[in-house]
Every structure is written in C-alpha cells, then in structure tokens.
1. Can you confirm whether region 92-108 contains a residue that is on the phi < 0 side of the Ramachandran plot, open to solvent by less than 70 Å² (accessible area, probe 1.4 Å), more than 19 Å from the chain's Cα centre (by Cα) and not hydroxyl-bearing (S, T, Y)?
2. Please list, ordered by first then second residue, the pairs with beta carbon atoms under 6 Å, 6 or more apart or interchain, first in region 106-133 and without any contact (Cβ under 8 Å) to a residue 40 or more places away in the chain, second aromatic (F, W, Y).
3. So how many residues does region 53-75 have that are of a type in the set (F, W, Y) and more than 14 Å from V100 (Cβ to Cβ)?
4. Have a look at L74, L62 and point out the one that is surrounded by fewer than 16 Cβ atoms within 10 Å (Cβ to Cβ) and not small (G, A, S).
5. Just to verify a result, which residue in region 120-139, among those that are part of a loop (DSSP other than H, G, I, E, B) and modelled with pLDDT of 85 or more, is farthest from A97 (Cα to Cα)?
6. For residues in region 109-119 being in a helix (DSSP H, G or I) and not aromatic (F, W, Y), which is most open to solvent (accessible area, probe 1.4 Å)?
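The values are calculated or read from the model by the stated rules, or taken from the named source; none is laboratory data. Since the structure is predicted, the reported quantities are computational estimates derived from the model, not experimental observations. When we count neighbours, we look across all protein chains shown, and the Cβ atoms used for this are built from the backbone with ideal geometry, even at glycine. Ligands, DNA and RNA are stripped out before the accessible areas are found, and what is left, the full protein with its side chains, is counted by its heavy atoms. Shrake-Rupley method; radii C 1.70, N 1.55, O 1.52, S 1.80 Å.
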Amino acid sequence: MLRAFSSVVRRTAVVQSATVTRPATMSMTKRFYSAGHEDESFESFTERYVKFFDGVEDLFELQRGLNNAFAYDLVPAPSVIESALKASRRVNDFATAVRVFEGLKDKVENEGQYKQYLEELAPIRQELGVLTKEELSHK
C-alpha cells in the first residue's frame, strides 16, 4: 500500500515540475462576436432582428437568434420582442416565450423599464396567451 502511494507522489512531482508554455498569440487573441455589426445603428439592429424573427421556422433558429440579440449591450426594441414572441408561437414553444421576458428583465436597467415593456407588449401577450415567470408563479 505504501509503495503505491509513493509512486503517485513521484508522478505528481514530475507533472508539477513540467512547465506549460503557450504560444504568444493565444493570449493576444480577440474575439469579435458582432460579425461586422459594430457600427450598426439601433434602428438597423431593430430592423435586422425583426426581419430575422419573422423568418424563423424552428426552435433552434429562434433560440440562436434570441441569444444573439440579447448578447449586445442594448435592450432590444419592443418590435423585436414582439417578433420573437410571434416566432415562439409559430414554432409552438411557450417556454421560450416566457424566457424572452426573463431575458428582457435581465437586460433593462430597472423594474420601471421592465414594466414599461410589459405595458407596451400587453396586446401581443394577451393575443398569444404569454405569461411572465412571475405571473406563472402566482397561479
């Protein structure tokens, strides 16, 4: 038993003494997630994502689009959210529609802004029967 332990200690010591070097370029690599949209105006962003969500035909595409839209340092316009909710209905995924509001709540600066979005989106929410996570927990 003691013999097996000492061999483990020796192997650990060898691994710890080995130095790991990385190419200098790895630490200097930058990632650009916006795919060339860094100078895009809010209006063109809104138009691009409304058009994208209007053409969504499956759940994967919808979720990918939502991840991309919410990855920017801005809160998507109500028209983008409305288009995403309609796409959620089109692909018949209620859970994603609820998650749209969770993402929206995380993106806005305060509760007042979130309530303004909810008020503006009330007609589409009522039309589609979409509830927020908070509304679902009260039922």
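1. No; the residues of region 92-108 include none that is on the phi < 0 side of the Ramachandran plot, open to solvent by less than 70 Å² (accessible area, probe 1.4 Å), more than 19 Å from the chain's Cα centre (by Cα) and not hydroxyl-bearing (S, T, Y).
2. Pairs found: V108/Y114; T132/F101.
3. 2
4. Matching residue, one of L74, L62: L74.
5. L121
6. Residue satisfying both the conditions and the ranking: E119.
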